[in-house]
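Structure record follows, encoded as structure tokens.
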Amino acid sequence: MSHKSSADAGKARAPGPTYQEVVLNDASPPPAPFLEYSYEFTGDQDIPYSNYTSADFATAEFQKMWPKVWQMACREEHIPEAGDYQVYDIGHLSAIVTRTSSGEIKAFFNACMHRGTALKPPASSGACNEFRCPFHGWRYSLEGELIELPEAWDFPHVDSDSHRLRELQVDTWAGFIFINFDSNAGSLKEYLGVLPAHLDEFGIDDRYIETHLCKRLPVNWKAAEEAFMEAYHVKETHAGGREFSEPITTYDVFGDNVNRFIHTVGAANPRMPKPPTQQDLMQQLWGRRGPIEGECPRVPEGQTARDLYASIIQAQLGEKYDQDFSDYSTAQTLDSIEYFLFPNLFIFPGLSLPMVYRFRPDPENPDFSYFDLYFMRPKHPDKAPPDPPEPLQLDIQDSYTQAVDLGFLGAVYDQDTDNMAAQTRGFKTCAKGGQTLGNYQEVRVRHVHKRVGDYVNRE
């Protein structure tokens, strides 16, 4: 095995066409942001395994990072009416996100101003007219004002202003509600970087939650989300080691907080010893997902398998959801499009893979984490969407296939979870001391660690 010189570090790319070259051959043009390319070599040093396993490192994250970053707490549809609330927990921090009497969205520290008792249980949700402390009965309005102080004669030093609930920064984008525990943090708009411009035409704010599950994972939160940051693992993990099965993928980093990958579905891998025909590709696509029945169609002369399959998926989903999806491009319909917002939010804006991921650390043990997985579908223009479902709770040993709405992806996620468990074991026995990353295919993993370090290494 030969090695490149240090002067060539970060320059290597997989042979064959780029993702951008592939999608330019589609019958329908992709959104302009898909053609953007943003990569910068940021080093090739190993990432210490202690970043995942150390209780001290996890403590530094809880103290220096999680209280300082914008985080998605819930969707607006979770709190549609005055008094609706959701509790968001991250480590030992907890916030109540609610809609006030005037319809404004606010977020409060989940703690009574008397002796600190949590006003609402962890991960709870519901509706109320006020927030009442279960310990001594202090009552707060939906706006956070102290409206009743039992035995007020004993508290001449307390009034409604001095002891109103402490607010967090809160803001919305694309139907998501974000919070920040740091009152001095910069704006959400600044934090989002290119995300609004890149995802504007996807109408993320006009989608509803079809499926929501929450699974406990046997791995540190960073390693959990890193499992979904590259397509390098696809051939071995999801294709059983079959040669030439890796997709054509672009990896990008946009500023401080956003990175992205997009990998193709239905494009010929340039490493195949014999180039497949469009019919060969169509046959592969036909058996890929399972729900399409009947004989595999013939690809007409002059058409690609990608374009034909995209039109079939558009029609199939259009029938299922009673909508017209024909204006989606082939890339928007088929490809795995994944945007990441530091530290823990993934958005897949495509039509056939409409997921949102959120990862959170276990507050007690860095070897475990929590994964929220949402399927989000476009709202019907003339029909009210269903209410958000209660999350399906899965423990480590539970299979994703229990969530029938995931279809073929359930088994895929199980394969990823098996890798996570193996990683956790390997972190603690590997003699090398740290993981070695690919300069291009795993640049997003390095980006996460760089940003974590930006926070935990601050004085």
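The values are calculated or read from the model by the stated rules, or taken from the named source; none is laboratory data. Since we're looking at a predicted model, the values are computed, not measured. So basically every Cβ, Gly included, is an ideal-geometry build from the backbone, and we count neighbours across all protein chains shown.
Would you mind telling me which numbered condition in (1) among the small types (Gly, Ala, Ser); (2) modelled with pLDDT under 95; (3) out of contact with any helix residue (DSSP H, G or I) (no Cβ under 9 Å at 6 or more places or on another chain) Ala73 fails?
Every listed condition holds for Ala73 apart from (2).
Please tell me if Ala197 is surrounded by fewer than 15 Cβ atoms within 10 Å (Cβ to Cβ), in contact (Cβ under 8 Å) with a residue 60 or more places away in the chain and of a type in the set (A, V, I, L, M).
yes
Among the numbered criteria (1) out of contact with any Phe, Trp or Tyr (no Cβ under 7 Å at 6 or more places or on another chain); (2) of a type outside the set (Gly, Ala, Ser); (3) modelled with pLDDT under 95; (4) not in a loop (DSSP other than H, G, I, E, B), which one does Asp414 miss?
The failed condition is (1).
If Gly126 satisfies all but one of (1) at negative phi; (2) surrounded by fewer than 19 Cβ atoms within 10 Å (Cβ to Cβ); (3) not β-branched (Val, Ile, Thr), what's the number of the condition it fails?
With (1) at negative phi; (2) surrounded by fewer than 19 Cβ atoms within 10 Å (Cβ to Cβ); (3) not β-branched (Val, Ile, Thr) applied to Gly126, the lone miss is (1).
Just name the residue that is surrounded by the most Cβ atoms within 10 Å (Cβ to Cβ) out of those in the range 329-349 that are under 12 Å from Ala310 (Cα atoms) and touching a residue at least 60 places away in the same chain (Cβ under 8 Å).
Ranking the candidates gives Asp335 first.
Inside the range 48-65, can you point out the residues that are small (Gly, Ala, Ser) and either closer than 16 Å to Val445 by Cα or surrounded by 14 or more Cβ atoms within 10 Å (Cβ to Cβ) (or both)?
Passing the criteria: Ser50, Ser54, Ala58, Ala60.
What's the number of the only condition in (1) buried (at least 16 other Cβ atoms within 10 Å of the Cβ); (2) touching a helix residue (DSSP H, G or I) at 6+ places or on another chain (Cβ under 9 Å); (3) assigned to a loop (DSSP other than H, G, I, E, B) that Phe41 fails to meet?
Here Phe41 meets the rest and fails (1).
Might you check whether a residue that is buried (at least 21 other Cβ atoms within 10 Å of the Cβ), on the phi < 0 side of the Ramachandran plot, in contact (Cβ under 8 Å) with a residue 40 or more places away in the chain and in contact with a Leu (Cβ under 7 Å, 6 or more places away or on another chain) occurs anywhere in the range 374-390?
The answer is no, given that none of the residues of the range 374-390 is buried (at least 21 other Cβ atoms within 10 Å of the Cβ), on the phi < 0 side of the Ramachandran plot, in contact (Cβ under 8 Å) with a residue 40 or more places away in the chain and in contact with a Leu (Cβ under 7 Å, 6 or more places away or on another chain).
Quick one: in the range 154-181, of everything that is over 22 Å from the mean Cα position of the chain (by Cα) and among the charged types (D, E, K, R), which residue is surrounded by the most Cβ atoms within 10 Å (Cβ to Cβ)?
Arg164
Of everything in the range 141-153, what is surrounded by 15 or more Cβ atoms within 10 Å (Cβ to Cβ), in a strand (DSSP E or B) and of a type outside the set (Val, Ile, Thr)? Give them in sequence order.
Within the range 141-153, just Leu146 meets the criteria.
Scan the range 86-122 residue by residue and report those that are under 16 Å from Glu145 (Cα atoms) and among the aromatic types (Phe, Trp, Tyr).
Residues satisfying the conditions are Phe108, Phe109.
Condition check ((1) in contact with an Asp or Glu (Cβ under 8 Å, 6 or more places away or on another chain); (2) in a helix (DSSP H, G or I); (3) more than 30 Å from Ser311 (Cβ to Cβ)) across all residues:
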residue	(1), (2), (3)
Asn365	no, no, yes
Arg377	yes, no, no
Asp382	no, no, no
Ile396	no, no, yes
Ala421	no, yes, yes
Thr429	no, no, yes
Gln441	yes, no, yes
His447	no, yes, yes
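Give the number of residues within the range 181-204 that are farther than 26 Å from Phe108 by Cα and small (Gly, Ala, Ser).
2
Please enumerate the residues belonging to the range 96-140 that are among the basic types (Lys, Arg) and either over 31 Å from the mean Cα position of the chain (by Cα) or not in a loop (DSSP other than H, G, I, E, B) (or both).
The answer is Arg99, Lys106, Arg115, Arg132, Arg139.
Among the residues of the range 318-370 satisfying the criterion of being among the hydrophobic types (A, V, I, L, M, F, W, C) and farther than 19 Å from Arg260 by Cα, which is farthest from the chain's Cα centre (by Cα)?
Among them, the one singled out is Phe325.
If I filter the range 82-93 for residues that are under 23 Å from Val356 (Cβ atoms) and small (Gly, Ala, Ser), do I get at least one hit?
yes
Among (1) modelled with pLDDT of 95 or more; (2) outside the structural domain of Leu373 (by TED's automatic domain parsing); (3) not basic (Lys, Arg), there is one condition Ser50 misses while meeting the rest; what is its number?
(2)
Please go through the range 414-437 and give me each residue that is touching a residue at least 40 places away in the same chain (Cβ under 8 Å) and over 22 Å from the mean Cα position of the chain (by Cα), ordered by number.
Residues satisfying the conditions are Phe427, Lys428, Cys430, Lys432, Gly433, Gly434, Gln435, Thr436.
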